[in-house]
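Written below as structure tokens is the structure these notes are about.
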């Protein structure tokens, strides 16, 4: 089936859809660095700002794919919803389907969309689609259920004009851990320096002495140790838990160290601290952040996928992308 790829990023949706046998006939992405990666891997330059593209210039298609910007609804952002310019990009989807009468919509966002603004944001989206004749099905799926070791829960929405209620795929629940996706040779630049490690130790010991209530067990100031916990990331093993561990938008993720024996935390496009967007992991030779290639693997990208931008841009791109394994599984059910 022919599909269009909106807010395409680096092509995660496209890769999953094409693997399932669908054909991309149009893509749109505004970020110039994402466009560069997209072109390097698909040989096509995505059209730019979707708000400036005339609907009549978009080819006829059977499926509209869109991971419309989630920052407006995410717990890691300001959560402004439709008051955020990024949140209003949903109206661009409506503009396109009003003209093309697209039979199937395949959308992705953060789970918080369902509860944002006491559920009003989701209610508005449903009302707009139902008024246009769509039957809506939705589900929250975790990437860790589909054979990649990343705890990444996302909301997936299928809307159809034919009145059929869509059946989502059953997760295969293939068990994998972070050590399965690690590169064998890693540049020393990804490892913590002694100075950075000392700062993290000092930070965590300080907050333990204050009694942060998270149960971290620091043995001595010069050793990293802690109670193994899955309190916030099921399947992962937390080795250090500083104050306000759950407050992801204040850089806490970048100061926590995790075991490679469980699933990773959710990759993000933004973040502070030494671990920034990936978190820090204890490996045999030290403590380090993940490499861009390892982040690609956590999203299900094959190793032949080309990374042609700086590390900082690559982290942003993979943090903003989708889990390809989930997209492929849903895309196969759409074909059925």
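The values are calculated or read from the model by the stated rules, or taken from the named source; none is laboratory data. What you are looking at is a predicted structure, and each value in this text was computed from that prediction instead of being measured. We place every Cβ from the backbone using ideal geometry, glycine too, and count neighbours over all the protein chains shown.
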Options 265, 330: the member that is assigned by TED's automatic domain parsing to the domain that holds residue 9 and crowded, with 19+ Cβ neighbours inside 10 Å: 330
Looking at the structure I just gave you, is residue 186 under 28 Å from residue 282 (Cβ atoms), under 20 Å from the mean Cα position of the chain (by Cα), touching a residue at least 60 places away in the same chain (Cβ under 8 Å) and part of a loop (DSSP other than H, G, I, E, B)? no
Please go through region 1-26 and give me each residue that is surrounded by fewer than 24 Cβ atoms within 10 Å (Cβ to Cβ) and without any contact (Cβ under 8 Å) to a residue 40 or more places away in the chain, ordered by number. 18, 23, 24, 25, 26
Any residue in region 288-296 that is buried (at least 21 other Cβ atoms within 10 Å of the Cβ) and at pLDDT below 90? yes
All but one of (1) in contact with a helix residue (DSSP H, G or I) (Cβ under 9 Å, 6 or more places away or on another chain); (2) within 17 Å of residue 297 (Cβ to Cβ); (3) surrounded by 16 or more Cβ atoms within 10 Å (Cβ to Cβ) hold for residue 177, so report the exception by its number. (1)
Residue count, region 86-113, condition over 17 Å from the mean Cα position of the chain (by Cα) and either closer than 17 Å to residue 137 by Cα or surrounded by 18 or more Cβ atoms within 10 Å (Cβ to Cβ) (or both), comes to 10
